[in-house]
Amino acid sequence: MAVPLFNIGGLASGLDTTAIIAQLMDLERLPIQQLEFRKAGFEQKDLAWQGLTTRFSAIRTSLNKLDSTADIDKFAKVATSNETAVGVTVSGSAPPGTVSFTVDQLASNQQLASNTTFTDPTDLVGAGDFTISVGGVDSTVTADATTTVANLASMINGLDAGVTASVIKVTDGAYKLLLSADDTGAASAFTTNTAIASLGTMDTLQIGQDALVTFGSGAGALQLSRSSNTVTDLLAGVSIELKATTTSAVSVSTSRDIDAAKEAITTLMTDINATLTEIADLTRYSPDSDSAGPLVGDSTARGLALTLRSAISGSVNTASVDYPIASSVGISLGRDGIFVIDDTKLSDALADDFDAVVGLLVQSGSSTDLRASFSSAASATVEGAYDIVITQAATRAGVTGSTYVAPGADETFNITVGANVASVTITGGSTAADAASVISAALSSAGITGYSVSVTDPGTGDALKIQSVGYGAGHSVTIAANSFGLAGTFSGTDVQGTIGGQAASGLGQILTGSAGDPVGLGVLVSATAADVSGAGGSLSLGTLTYQAGVFGAVDSVVEAAEGSGGSLSRARDRWQSQIDLIDDRIFRLEDRLDYKEALLIKQYTALEVAMSSLSGLNQYLVGALAGLPSFASTRGG
């Protein structure tokens with residue numbers, strides 16, 4: 001409402017014009033009040049959909065822990081038969097399994113100490129160069145006449161060569177320069193060379209060596225080496241910490257963590273029940289109190305509740321006789337439309353046949369050929385059996401060199417991966433194993449990861465082999481000219497083929513359906529290039545049968561509800577657009593009322609001015625008439 005700049009408020013008329021105008025404006029404002037009442041109803045609906053959006057987000061959070069077999073595999077327990085020597089923790093997806101091995105040797109980092117003892121860290125060391133060599137790469141600092149032991153240690157640390165220098169106190173008045181490799185393993189070993197006479201020779205306190213573990217015994221035993229005492233690739237999803245050597249085998253085993261799996265399932269179902277309860281409250285009409293929820297009669301809300309219920313109750317696992325439907329594992333729909341979870345029944349089912357329960361609940365796939373296994377699926381993937389045909393196998397980037405011949409002199413060449421360049425120097429007379437170690441250290445020093453360096457056929461036909469750990473065209477390595485037969489650019493290839501006769505795209509070993517019913521279906525293909533070639537360029541890998549499972553079906557419902565184009569967003573957009581329209585109408589009506597109020601004020605002000613003028617005229621006339629002689633006096637009495 002506009003505030004008048006001038007208002008004489010009935011001074012002339014005696015009328016309360018301010019009150020009259022206010023009452024007239026209240027009548028004019030009735031349409032706005034009706035619009036605001038309608039807006040409040042729309043805001044309640046929008047607020048209700050905000051609450052449901054939050055509920056579905058909670059379902060998504062819980063669902064993400066259960067929508068694949070890899071997620072289920074994270075619910076694992078790991079145990080070791082000798083905790084003193086081998087520590088274990090679950091680090092990822094850990095399917096049940098057991099490995100046994102002896103710990104022959106722990107990994108250690110190299111440590112050297114100066115032969116000379118100094119009386120104080122401020123003692124001068126004298127002028128000269130100090131060189132550290134790691135993996136054939138030299139790093140040098142130069143001391144002058146003013147350089148102290150502490151200064152030299154600081155200068156060495158500034159090289160960032162993978163070696164840390166420090167001045168340690170042996171006893172009072174006795175200090176030594178200590179050099180320690182930052183990493184454990186044989187590849188991080190280093191040597192020193194110095195012209196600083198005061199340092200003397202460097203004494204070896206500890207050599208850099210790999211950890212060694214042996215599987216089995218006798219002639220068929222397999223010994224593996226690792227650069228660290230923390231080993232993550234012996235048992236999938238398990239981190240193993242080597243603490244001490246052993247004389248007998250240590251067993252490390254993983255098993256299903258039924259309690260953790262049950263807790264995750266229960267949490268998800270609790271979130272689903274909370275959502276169904278909220279939808280019921282929002283869409284309920286109570287005849288007793290003649291009250292209704294803000295979404296009563298809303299077909300979208302009712303549809304979400306129906307699809308959630310049918311996703312859980314309608315999913316069937318045809319592969320299991322004992323656990324074909326959700327109710328068989330203790331998840332059943334109550335008469336009130338809310339799911340009831342039988343804790344005992346669920347626990348017993350998980351303990352009896354964990355894999356069957358997983359097959360019922362999560363996305364899964366079974367294949368007739370072990371070289372094609374289920375990897376993942378999208379909400380749009382249709383359940384069914386699909387033929388897998390491969391026309392190209394995934395390969396790694398890499399090369400196997402020619403038969404190794406020790407170089408007669410030092411040989412240097414570069415290895416390039418992306419923007420990273422490793423400079424490799426193989427010293428004259430190096431063995432194949434030494435050369436592999438030098439190459440591995442150079443790659444690590446250059447920040448190149450994901451590549452392995454090995455020697456093929458050790459002792460009979462030695463050849464250096466450099467290969468990416470991962471598969472696919474995304475991996476590429478360029479090796480400059482050398483005498484080891486390694487020169488060239490080598491790239492991996494992505495798997496190619498079809499799923500169910502439909503087009504599919506490859507990324508590494510994963511073939512993913514890109515059209516038709518199998519769209520989004522990911523298949524891990526382990527077939528080799530030799531397999532494809534042997535089949536004449538088109539290799540059939542049988543049939544993969546995909547089943548969405550209970551939670552896969554729920555995932556489809558949630559995905560259809562989420563996002564900018566989902567039913568939740570569309571519902572909110574609908575009511576928000578109504579709110580915006582009302583806000584626009586109110587704004588325009590308020591503008592008109594401001595104008596009308598100003599006009600009324602102007603009219604009533606004009607009335608007061610006119611009446612004031614008439615009052616003044618009246619007073620003048622009264623005065624004028626009073627001054628006229630009376631009729632009687634004009635007649636002379």
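For residue 264, which of the numbered conditions (1) at pLDDT below 95; (2) open to solvent by 20 Å² or more (accessible area, probe 1.4 Å); (3) among the small types (Gly, Ala, Ser) fails to hold?
(2)
Restricting the stretch 146-193 to residues that are in a helix (DSSP H, G or I) and in contact with a Leu (Cβ under 8 Å, 6 or more places away or on another chain), which is nearest to residue 440 (Cα to Cα)?
My answer is 156.
From the set of residues in the stretch 279-300 that are touching a Phe, Trp or Tyr at 6+ places or on another chain (Cβ under 8 Å) and not in a loop (DSSP other than H, G, I, E, B), which is surrounded by the fewest Cβ atoms within 10 Å (Cβ to Cβ)?
291
Residue by residue through the stretch 579-617, note down the ones that are within 37 Å of the chain's Cα centre (by Cα) and open to solvent by 40 Å² or more (accessible area, probe 1.4 Å).
580 - this is the single residue of the stretch 579-617 that is within 37 Å of the chain's Cα centre (by Cα) and open to solvent by 40 Å² or more (accessible area, probe 1.4 Å).
Given the criteria open to solvent by less than 40 Å² (accessible area, probe 1.4 Å) and within 30 Å of residue 433 (Cβ to Cβ), does residue 133 qualify?
Spelling it out, residue 133 is indeed open to solvent by less than 40 Å² (accessible area, probe 1.4 Å) and within 30 Å of residue 433 (Cβ to Cβ).
In the stretch 305-323, which residues are open to solvent by less than 80 Å² (accessible area, probe 1.4 Å), free of Cβ contacts under 8 Å to residues at least 40 places away in the same chain and not polar (S, T, N, Q)?
Within the stretch 305-323, 305, 309, 316, 323 qualify.
Residue pairs, Cβ under 7 Å, 6 or more apart or interchain, first in the stretch 113-131 and farther than 22 Å from residue 206 by Cβ, second acidic (Asp, Glu) and open to solvent by 20 Å² or more (accessible area, probe 1.4 Å). List them.
Taking only residues 6 or more apart or on different chains, the pairs are 127/144.
Residue 405 passes all but one of (1) in contact (Cβ under 8 Å) with a residue 12 or more places away in the chain; (2) more than 30 Å from the chain's Cα centre (by Cα); (3) outside any loop (DSSP other than H, G, I, E, B); which number fails?
The number of the failed condition is (3).
When the stretch 537-549 is examined, which residues are found to be open to solvent by less than 50 Å² (accessible area, probe 1.4 Å) and either of a type in the set (Phe, Trp, Tyr) or within 21 Å of residue 382 (Cβ to Cβ) (or both)?
The first filter runs over the stretch 537-549 and keeps only residues open to solvent by less than 50 Å² (accessible area, probe 1.4 Å), leaving 537, 539, 541-544, 546-549.
Scanning the stretch 537-549 gives 541, 542, 543, 544, 546, 547, 548, 549.
Which ranges mark the strands (runs of 3 or more DSSP E) fully within the stretch 488-540 that have 1 or more residues being farther than 19 Å from residue 467 by Cβ and of a type in the set (S, T, N, Q)? Show your work before the answer.
Working: elements: 488-491, 496-499, 502-507, 510-513, 522-525.
In the stretch 488-540, 496-499, 502-507, 510-513 are the strands (runs of 3 or more DSSP E) which contain 1 or more residues that are farther than 19 Å from residue 467 by Cβ and of a type in the set (S, T, N, Q).
Anything in the stretch 61-83 that is over 27 Å from residue 102 (Cβ atoms), open to solvent by 30 Å² or more (accessible area, probe 1.4 Å) and of a type in the set (Ser, Thr, Tyr)? List them, or say none.
Selection gives 61, 69.
I'd like the full set of residues that are assigned to a strand (DSSP E or B) and out of contact with any Asp or Glu (no Cβ under 8 Å at 6 or more places or on another chain), limited to the stretch 92-106.
Matches in the stretch 92-106: 97, 98, 99, 100, 101, 102, 103, 104.
Against the condition surrounded by fewer than 20 Cβ atoms within 10 Å (Cβ to Cβ) and without any contact (Cβ under 8 Å) to a residue 60 or more places away in the chain, how does residue 449 come out, does it pass?
yes
Taking the options 532, 477, name whichever one is of a type outside the set (Phe, Trp, Tyr) and within 21 Å of residue 418 (Cα to Cα).
Selected residue: 477, the only one of 532, 477 that is of a type outside the set (Phe, Trp, Tyr) and within 21 Å of residue 418 (Cα to Cα).
What residue, among those in the stretch 158-177 that are of a type in the set (A, V, I, L, M, F, W, C) and buried (at least 18 other Cβ atoms within 10 Å of the Cβ), is nearest to residue 120 (Cα to Cα)?
Checked the stretch 158-177; the qualifying residue nearest to residue 120 (Cα to Cα) is 167.
Within the bounds of the stretch 315-324, is there any residue that is closer than 24 Å to residue 561 by Cα and out of contact with any strand residue (DSSP E or B) (no Cβ under 8 Å at 6 or more places or on another chain)?
yes
Could you pull out the residue among 366, 373 that is under 30 Å from residue 527 (Cβ atoms), touching a strand residue (DSSP E or B) at 6+ places or on another chain (Cβ under 6 Å) and at pLDDT below 90?
366
Among the residues in the stretch 228-247, are any outside any loop (DSSP other than H, G, I, E, B), open to solvent by 40 Å² or more (accessible area, probe 1.4 Å), at pLDDT below 90 and touching a strand residue (DSSP E or B) at 6+ places or on another chain (Cβ under 8 Å)?
For the stretch 228-247, residues outside any loop (DSSP other than H, G, I, E, B), open to solvent by 40 Å² or more (accessible area, probe 1.4 Å), at pLDDT below 90 and touching a strand residue (DSSP E or B) at 6+ places or on another chain (Cβ under 8 Å): absent.
Filter the stretch 357-402 down to residues that are assigned to a loop (DSSP other than H, G, I, E, B) and more than 22 Å from residue 314 (Cβ to Cβ) and give me whichever is most open to solvent (accessible area, probe 1.4 Å).
Among residues in the stretch 357-402 that are assigned to a loop (DSSP other than H, G, I, E, B) and more than 22 Å from residue 314 (Cβ to Cβ), the one most open to solvent (accessible area, probe 1.4 Å) is 370.
Any idea which residue in the stretch 21-60 is nearest to residue 558 (Cα to Cα), counting only those that are open to solvent by 50 Å² or more (accessible area, probe 1.4 Å) and aliphatic (A, V, I, L, M)?
47
In the list 521, 507, which residue meets the criterion of being of a type outside the set (Gly, Ala, Ser), more than 26 Å from residue 440 (Cα to Cα) and free of Cβ contacts under 8 Å to residues at least 60 places away in the same chain?
Of the residues listed, the single one that is of a type outside the set (Gly, Ala, Ser), more than 26 Å from residue 440 (Cα to Cα) and free of Cβ contacts under 8 Å to residues at least 60 places away in the same chain is 507.
Regarding residue 573, is this residue within 30 Å of residue 379 (Cα to Cα), open to solvent by less than 40 Å² (accessible area, probe 1.4 Å), at pLDDT 80 or above and among the charged types (D, E, K, R)?
Details: within 30 Å of residue 379 (Cα to Cα): yes; open to solvent by less than 40 Å² (accessible area, probe 1.4 Å): no; at pLDDT 80 or above: yes; among the charged types (D, E, K, R): yes.
Criteria not met by residue 573.
Pull out all pairs, ordered by first then second residue, where Cβ-Cβ is under 7 Å, the residues are six or more apart or on different chains, the first lies in the stretch 242-262 and is under 29 Å from residue 218 (Cα atoms) and of a type in the set (Lys, Arg), and the second is open to solvent by 30 Å² or more (accessible area, probe 1.4 Å) and outside any strand (DSSP E or B).
243/84
Can you tell me which residues in the stretch 107-145 are in a strand (DSSP E or B) and farther than 30 Å from residue 228 by Cβ?
Passing the criteria: 118, 124, 128, 129, 142, 143.
Pick from the stretch 481-525 the residues that are touching a Leu at 6+ places or on another chain (Cβ under 9 Å) and over 23 Å from residue 371 (Cβ atoms): which of them is most open to solvent (accessible area, probe 1.4 Å)?
The selected residue is 485.
So is residue 141 without any contact (Cβ under 8 Å) to a residue 60 or more places away in the chain, closer than 30 Å to residue 443 by Cα and buried (at least 19 other Cβ atoms within 10 Å of the Cβ) or not?
Numbers: without any contact (Cβ under 8 Å) to a residue 60 or more places away in the chain: yes; closer than 30 Å to residue 443 by Cα: yes; buried (at least 19 other Cβ atoms within 10 Å of the Cβ): yes.
Yes; evaluated as a whole, the condition is true for this residue.
Taking the options 534, 636, name whichever one is surrounded by fewer than 13 Cβ atoms within 10 Å (Cβ to Cβ) and either among the charged types (D, E, K, R) or at pLDDT 80 or above (or both). Give the steps one after another, and end with the answer.
Working: 636 fails: either among the charged types (D, E, K, R) or at pLDDT 80 or above (or both).
After applying the criteria, what remains is 534.
The values are calculated or read from the model by the stated rules, or taken from the named source; none is laboratory data. In this text the structure is predicted, and so the values were computed from the model without any measurement. We place every Cβ from the backbone using ideal geometry, glycine too, and count neighbours over all the protein chains shown. Surface accessibility is based on the protein's heavy atoms, side chains included, excluding ligands, DNA and RNA. Shrake-Rupley method; radii C 1.70, N 1.55, O 1.52, S 1.80 Å.
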